[in-house]
Structure formats: structure tokens, C-alpha cells
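Taking it in order: structure first as C-alpha cells, then the write-up.
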Amino acid sequence: MNKSSSFTIGIVGATGAVGQELLQLLHERNFPFGELRLYASARSVGKQLTCAGRTYTVAEAKPGIFAGLDVAFFAAGSSVTKALAPDAVKAGCLVIDKSSFYRMDPAVPLVIPEINPQDLRTHKGIIANPNCSTAVTLMGLWPLHVKFGLKRYVVATYQSVSGTGAEAVRELDAQVQASVQGRPLVKKVYPYQIAYNLIPQVDTFGNDGYTGEETKMMQESRKIMGLPQLKVSATCVRVPVVRAHSMAVNAEFERPVSVAGARAAVAAFPGAVLVDDPAARKYPTPLDFTRQVKCGVGRIRLDTALDNGLAFWVSGDNLWKGAALNAIQNVELMIREGWLKPKHR
């Protein structure tokens, strides 16, 4: 992007997995920042992070740090957002929050820029980022909704361990190494061994038997797509994959569907890449869509159990489109449209 108008940017939670992806992507995408400040918890104060030949020193994330900032990307948990986001807004700083704290607040827009960019104009200082599994799923589902009119969908997720965090990635690696070497496998992050296994629980269970992750997918899909009555059923599963989530989706539509029409809709959508040639064994995989801007959609076929139904598979990077990239894309769009300008020159 053109750096003629430079913004002062902050990353809260800069030492975490999403925070480090934000740091990398801001540089890679030539984001128009003149100054970049990194913040984390007190235990990380003084830590130095290097990116694109520049070294940044981490300061403590606490009230009073937002004066002079145009935008703060919050890449920490809900407790940090709850404690610090109001202070940022009071200082005139736009908050882009990846936590779930504000997602379902009616006054806070929840935005995927390829789907509901107009909602960015309604913000009152805070813009929420969707859950990683929701974002990746909708990259395949939205273009089909536009063409055929979505009625309901059922999804089973295959979620990588990086969605839990760096400690989970280390646990998977350690368990694989222990298995190869004939040592006992230690589990700390997950209630079950994750190496060579699947865990049908992402987040805690609610009284209805659905996990928090599954409930987020239901609620966030309705809000982002502007379909408050949309029927959604989700089963979220953690799998021994390091990075990128995948989803198997079965969707029913209002209008008659066709595989050719579905493929054309996905291929024309800016958030997706069509990878759908079963005869040549071509379909999206997590490895293929790790550190990719777009999500891959394939295995599109007529659903055999639903009227006007389609079944398909989607893979996308949970740390990029599911978190850091989507947050940056929202701000980039606002800058391009003239909806956001630097206040501190």
C-alpha cells in the first residue's frame, strides 16, 4: 500500500502466535505504518522481536499506552480486551479485536471484508474479528449463498493445533517424537493424546451439549452473513495438524443448485481458490493452504440427503484468514475507501 499517509500502529499480544503473524504480515503487505509499537504482558517487557530487518522492543500492555495510536490490533484473550479496549477507544484509537469478547455485541461490527465490508462504517471504535473456523468456512459458503440463497448448513471441522496456541504445537511435536523413540507420551494441553488421534471437543461444553466453538460458528455465521434465522449445526474437532483448518460442509439452498454453477461462483469469489478436479486427485489440503491469503474450496458435489443441497470441502490458514490476515484486510479496506485516516501526523 502507499505509505504517503503513515499510521501509528500497535499490536497488543505481540509475542503470541497471532501477534507474531500480525507483525510479519504488516511488513509483507507493505502496510502504511510510520511507527509500530509492540505490547504484551509484564513478563514479556523488554523482549525484542525482529522482522524485515527491524528490531522492536516489547512494552507492557496497560492503560495509558494508546495515546498517539491510530489503530491497535488486539491479539490477546478476552480478558485483555475487556480490560484495555475501552481505554484505547477513549484515546481515539481504533481497536481491531481477535478475541470473542465483542463479537456478538450488537453495537460492534463483526467483519469479513469479502462479505460484509459495509459494516466497517458502523463502528464506534471497535471492530471484531470472527472466529478462525467461522472465517474459513464462510470463504466457501458465502459465494454459494450469493448464487443460490443459503437455507441451512451442517459443518464438521478439522482444526489444527495452532488454533490452541504455540504450547499445543509443541505438545503435538513432543508426542510424535516420544512415540518414535518409544517413550511415554505426555499430555498437558489437551485432555487426550493429540498425536495420531482426534479430539471432538474445541472449547468447553455448554448445557445444550455444544462446545463454545460450535456455538460461535452458529452465532457468528448469522451475524456476518446478515441471516439471523439461519439454521446451523456444527461439530468441531481438533486434529493432529500443525496449521490450517479444514471443514466438511453440507448446505441446503433456497434455489436449485448445480455443481457447475457452484464451481463458477467459488472461482469468481475473491476470498477463495477453486481446487476441484477429483479425477486428478486435486482438492484443498491444510499444507497447501498454510500461509496462503485465500482459502481453498473443492470436492463440490450434489448433496444426496438435502433438497437443493451441496457438499464441499474448504481449507484455510487459521492464523491468517482466521485471525491476523482478516484483521489487517479490514483496516486496509478502510484506508482504501477513505474511511480511516491517520489522526496523528
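Quick note: the coordinates plus some simple rules give every number you see, no bench work behind them. Given the structure is predicted, the values throughout are model-derived calculations rather than measurements. Methodologically, a virtual Cβ is constructed for each residue, glycine included, from the backbone with ideal geometry; neighbour enumeration extends over all protein chains shown.
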Task: Gaussian network model of the chain, springs between alpha carbon atoms under 10 Å - residue of S162, S79, S100 with greatest fluctuation - done: S79
TODO: Would you list which lysines come within 30 Å of K343, measuring only between C-alpha atoms, while excluding same-chain residues fewer than 8 positions from it?
DONE: K3, K47, K62, K82, K90, K98, K124, K321
Open item on the list: For a Förster distance of 35 Å, can you work out the FRET efficiency between the beta-carbons of R121 and A305, rounded to the nearest 0.05?
Closed with: 0.30
TODO: Calculate the dipole size of the range 70-181 relative to its Cα centre from +1 charges on Lys and Arg beta carbons and -1 charges on Asp and Glu beta carbons; express the result in debye to the nearest 20.
DONE: 460 debye
TODO: Report the dimensions of the range 162-305 along its three principal axes from the alpha-carbon atoms, largest first, rounded to Å.
DONE: 55, 43, 29
- [ ] Could you pull out every residue, at least 5 positions away or on a different chain, whose amide H is within less than 5 Å of the one on Q201? Hs are placed 1.01 Å off N in the peptide plane, and Pro or chain starts have none.
- [x] R238
Task: Gain upon complete extension [K187, K62; 0.36 nm per residue less C-alpha separation] - done: 41.7 nm
Task: Top positive-direction residue, dipole computed over the chain with Cβ charges, set A305, M104, S258 - done: M104
Open item on the list: Rounded to whole Å, give me the distance from the Cα center of the range 10-78 to that of the range 296-336.
Closed with: 27 Å
Open item on the list: Based on alpha-carbon centroids, what's the gap between the range 248-286 and the range 178-242 in Å, whole number please?
Closed with: 24 Å
TODO: Using amide H atoms built 1.01 Å from N in the peptide plane, name the residues 5+ places from L319, or on other chains, whose amide H lies under 5 Å from its own.
DONE: A244
Open item on the list: Just to be sure I understand: of the beta bridges DSSP finds with both ends in the chain, what percent are antiparallel, rounded to 5?
Closed with: 50 percent
TODO: Quick one: plug the Kirkwood hydrodynamic radius of the chain (C-alpha pairs) into Stokes-Einstein at 10 °C, 1.306 mPa s, and report D in µm²/s.
DONE: 76 µm²/s
Task: Among 118-126, 208-216, 268-276, the order from most to least packed when residues are scored by Cβ within 10 Å on average - done: 268-276, 208-216, 118-126
Task: Charge dipole (debye, nearest 20) of the range 133-318; +1 at Cβ of Lys and Arg, -1 at Cβ of Asp and Glu - done: 220 debye
- [ ] Give me the distance in nm between label points sitting 7 Å out from Cα along the Cα-to-Cβ direction at R336 and A280, one decimal.
- [x] 2.9 nm
Task: Cut-off under 5 Å, modelled amide H: who pairs with G10 long-range - done: R37, V71, A72, F73
Open item on the list: Please compute the length gained on full extension between K82 and V259, using 0.36 nm multiplied by the number of residues separating them and subtracting their Cα-Cα distance.
Closed with: 59.2 nm
Task: DSSP-defined antiparallel bridges as percent of all bridges, the range 133-318, nearest 5 - done: 75 percent
